[in-house]
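Engineer: Take a look at this one; I'll ask things after.
Values in this text are rule-based calculations from the coordinates and carry no lab data. Here the structure is a predicted model, which is why all the values come from computation and not from measurement. With ideal geometry, Cβ positions are generated from the backbone for all residues, glycine too; neighbour counts draw on all protein chains shown.
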Amino acid sequence: MLFAVSPPRLVVIIGPTGAGKTRLALALAERVGGEVISADSQQVYAGMDVGTGKVTVAERARVPHHVLDVVRPDQEMTAARFVDLADRAIADLAARGIPAIVCGGTGLYVRALLLGLFAGPPASPEIRAELAQLARAHGLPALHAELASVDPAAAAKIDPNDEKRTIRALEVYRLTGETMSAHQARHDHRSLPLRYAARLVGLSPERDALYRAIDARVDAMLDAGLEAEVAALRAAGYLPPLRSQQAIGYAELHELAEGRVARPRAIELIKRNSRHYARRQLSWYRGDATVTWHADPAAVDLADLERYLQGP
């Protein structure tokens, strides 16, 4: 079946880690003959499959996926590049009459795709160097705590291990005297036209159920060879402080490999940090009336989404 809708319509599946986004995206894509565009800032890295929850080779054979494995773990990936790659994939699918389903938990990527990027002030090498030095001297948690003191809304959305985004948020505040979250509040769906017509479907299980799913997901990743994957990355020279190796699941196992934490504690930290990340993922969309939330992927009306993709 062809979906010759112009301009293209998107179904965007969002939500925290462990909520069932991939399962829903696969089910919808198979129903409508669609393809999936990943909006996950870790799944872009080649060689990081198990710990990022990347779709398997068998699943990709069933449903083609885009914006996966586009950079090495030591290469830079930005929201701007994600938008460029996603735009190209959407245009290609539209030209072939194939519906596009965006699926991922990186709120910044989804926001950039639908609303464009908040450019902000030009970078200041001096401020960045000063903040980087503070992180080296006092640790990244101290830098993130400074951000939390001036811009708690931005800090709540930024992973404490994400040095680049922490520094950028502080840089914007120092350069403009206004918080990053205040700038972004003006750059939202209430004041800007969407770049694409989109139906946003959010998955948000009840908290205890979500936490159980996250714990089970971590256990499944370990059973699937996450430790061997980290060992292979280390053997290839991909080590902290590379941004890719600060991702949850990787950072803790690098610490284990370096003898700085015992294995039970490393696993405990992966689960705890994954739960914290899930809360940050949900905070991106708090109060966003454009998202239709569901506690269970099985409750999503696939027929309704199919009609939406077909157009009026």
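Engineer: Tally Lys and Arg at +1 and Asp and Glu at -1 over the other residues with C-beta under 10 Å from the C-beta of L10: what net charge comes out? Please report the intermediate quantities before stating the final value.
Structural biologist: Working: positive: R9, R195, R199; negative: none.
My count for the surroundings of L10 gives +3.
Engineer: Here's something else I'd like to know. Which of rounded, prolate or oblate describes segment 4-88 when judged by the alpha-carbon gyration tensor and an a/c cut-off of 1.5?
Structural biologist: oblate
Engineer: So, one more: Full extension from E59 to R279: what is 0.36 nm times the residue separation minus their Cα-Cα distance, to one decimal in nm? Can you show the working numbers first?
Structural biologist: Details: separation 220, 0.36 × 220 = 79.20 nm, distance 2.76 nm.
My answer for the length gained is 76.4 nm.
Engineer: From the P(r) of the chain, could you give the percentage of C-alpha pairs in the tail past 25 Å? Please report the intermediate quantities before stating the final value.
Structural biologist: Values: 24756 of 48516 pairs.
Distances greater than 25 Å cover 51 percent of the Cα pairs.
Engineer: Once you place label points 7 Å from the Cα toward the Cβ at R207 and T176, how far apart are they in nm?
Structural biologist: Once both label points are built, they end up 3.2 nm from each other.
Engineer: Next up: Work out, step by step, the length gained on full extension between A132 and A299: first 0.36 nm times the residue separation, then minus their alpha carbon distance; give nm to one decimal.
Structural biologist: On the way: separation 167, 0.36 × 167 = 60.12 nm, distance 4.58 nm.
In short, 55.5 nm is gained.
Engineer: Starting from the Cα-Cα distance between T290 and E258, subtract it from 0.36 nm times their residue separation and give me the gain in nm to one decimal. All intermediate terms of the calculation are to be shown ahead of the outcome.
Structural biologist: Numbers: separation 32, 0.36 × 32 = 11.52 nm, distance 4.49 nm.
So the chain would gain 7.0 nm between T290 and E258.
Engineer: Enter the Cα centre distance for the pair segment 86-164 and segment 221-285, rounded to the nearest angstrom.
Structural biologist: Here the two parts' Cα centres lie 20 Å apart.
Engineer: While we're here: If a paramagnetic tag sat 7 Å from the Cα of R96 along the Cα-Cβ line, which residues of segment 17-50 would have the backbone N under 11 Å from that point?
Structural biologist: Zone members listed by number: 34-36.
Engineer: Sticking with this one: For q values of 0.20, 0.22 Å⁻¹, compute log₁₀ I(q)/I(0) with the Debye formula on a Cα-only model of segment 164-312, without solvent.
Structural biologist: -1.19, -1.26
Engineer: List every DSSP H helix in the chain whose Cα atoms extend 15 Å or more along the helix's own long axis and whose mean Kyte-Doolittle hydropathy is at least -0.5. Show your work: numbers first, answer last.
Structural biologist: Details: long enough: 21-32 (17 Å, 0.32); 79-95 (24 Å, 0.72); 125-138 (19 Å, -0.36); 140-150 (16 Å, 1.08); 163-176 (20 Å, -0.64); 207-223 (24 Å, -0.20); 263-283 (30 Å, -1.38).
TM-like helix candidates: 21-32, 79-95, 125-138, 140-150, 207-223.
Engineer: Here's another thing I want to ask about it. As an exercise, use a Förster radius of 51 Å and the Cβ-Cβ distance of E30 and A153 to find the FRET efficiency, rounded to the nearest 0.05. Mind dumping the intermediate values first?
Structural biologist: On the way: r = 38 Å, r/R0 = 0.75.
Computed FRET efficiency for E30 and A153: 0.85.
Engineer: Return, for the Cα atoms of segment 125-186, the radius of gyration and Dmax in Å, separated by a comma.
Structural biologist: Both quantities, over Cα of segment 125-186: 10.6, 35 Å.
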